[in-house]
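For reference, the structure discussed in these notes is given below.
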Amino acid sequence: MQHKRLLLVVVLVGLFVVLAAPVMAQPRPMAEDVYTPIAKGYDFIRAGNYEAAAAQFREAVKKDTNNPFALNNLAAIEAQKGKLKEALAYLEQATLKAEAYKDKVEQTCFVAGLCNAVKPVKAVGETSAIASIIQDNIAKVKAKMAAAPAPPQPSTPPRMEEKQAPKEKGK
């Protein structure tokens, strides 16, 4: 009898795990403490307050290191400042986990005509909406970098000729 009870418990636990696994694997919207600063930061971008926006996105990154929404938006701000290498670094970091983030995108805006900044929605989709935006931004930043003239190369000044001091008379 004891053996049958144990077997029943094991079967019920196994059944629970099998039935619950698909539900637990469903994508969830990003945490509120990460979503809120990203949404606020996006609103700051729309208002042209890039420093306040960057502070909000950095706050989100402190809580979710590889959050592609926050990193993408930091890249848009860096691109707006003309710091294309920094923008590209943020975008490359954003690609690390972008496919895992299924949050939908409510709005996008162009920052300095170069990058798309995004505002997530508290809803998830089947696929990652941010991943393709990041790839598009990477292509734009790389194209801008390729079109930028190369910085001037340092040159070597011409060698100076040494002149001998005139000899004093009478010596």
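What to note about this one:
- Taken as a whole, the condition of being within 20 Å of E32 (Cβ to Cβ), in contact (Cβ under 8 Å) with a residue 40 or more places away in the chain and loosely packed, with under 14 Cβ neighbours inside 10 Å applies to K122.
- Scanning segment 57-116 for residues that are under 14 Å from the mean Cα position of the chain (by Cα) and among the aromatic types (F, W, Y) returns F57, F69, Y90, Y101.
- Condition broken by L74, with the remaining ones in (1) at negative phi; (2) at pLDDT below 95 satisfied: (2)
- Matching option when the condition is surrounded by 14 or more Cβ atoms within 10 Å (Cβ to Cβ), aromatic (F, W, Y), in contact (Cβ under 8 Å) with a residue 12 or more places away in the chain and farther than 14 Å from I133 by Cβ, among Y42, Y35, Y90: Y35
- Meets criteria (farther than 19 Å from E78 by Cα and of a type in the set (K, R)) for K102: yes
The values are calculated or read from the model by the stated rules, or taken from the named source; none is laboratory data. Source: prediction; values computed, not measured. Positions of Cβ are generated from backbone atoms using ideal geometry, with glycine treated the same way; all protein chains shown enter the neighbour counts.
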